[in-house]
Amino acid sequence: AAAVTADGGAAWTPATQPPPAYRSGVAWLPYSHRAALAVGPTGTDVTADGGRTWRALDPGSYDSVDCAPDGGCWASGEKGRIARLEPTR
């Protein structure tokens, strides 16, 4: 499930196009209030509209993600898998 809020969490609206499967981690892209990455066992998705819609970015299996101030987002997964994820522009 994916939802968005415009009032600090008092009310939530379901995303019009949520990620296609379970996602275990999400991180906002640095210096953005609307772009985020979500990772999970079946892939990575990106949103550019604050979570209303998501599109596939990478098919790799990851468990967690975090973004650094330099703009790099790093994901980690099973068996030591790591990756730097960057959305296409």
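The values are calculated or read from the model by the stated rules, or taken from the named source; none is laboratory data. None of these values were measured; they are calculated from a predicted model. Because the Cβ atoms are built from the backbone with ideal geometry, glycine has one as well, and the counts that use them run over all protein chains shown. Protein only, heavy atoms only, side chains kept; ligands, DNA and RNA dropped before computing areas. Shrake-Rupley method; radii C 1.70, N 1.55, O 1.52, S 1.80 Å.
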Residues in region 4-18 that are in contact with a Ser or Thr (Cβ under 6 Å, 6 or more places away or on another chain) and outside any loop (DSSP other than H, G, I, E, B) total 2
When region 19-56 is examined, which residues are found to be open to solvent by 60 Å² or more (accessible area, probe 1.4 Å) and assigned to a loop (DSSP other than H, G, I, E, B)?
PRO20, TYR22, TYR31, HIS33, ARG34, PRO41, THR42, ALA48, ARG52
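Within region 48-89, restricting attention to residues that are among the aliphatic types (A, V, I, L, M) and within 19 Å of TYR22 (Cβ to Cβ), which residue is farthest from the chain's Cα centre (by Cα)? Before the answer, list the steps.
From region 48-89, those among the aliphatic types (A, V, I, L, M) are 48, 56-57, 65, 68, 75, 82-83, 85; that's our starting set.
Now narrow it down to the ones that are within 19 Å of TYR22 (Cβ to Cβ): 56-57, 65, 75, 83, 85.
On the way: ALA56: 10, LEU57: 9, VAL65: 8, ALA75: 10, ALA83: 14, LEU85: 10 Å.
The residue in question is ALA83.
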Under 9 Å between Cβ atoms, at least 6 apart or on separate chains: pull out the pairs that start in region 51-80 with a residue that is at pLDDT below 90 and end on any residue that is open to solvent by 40 Å² or more (accessible area, probe 1.4 Å) and β-branched (Val, Ile, Thr).
LEU57/THR88
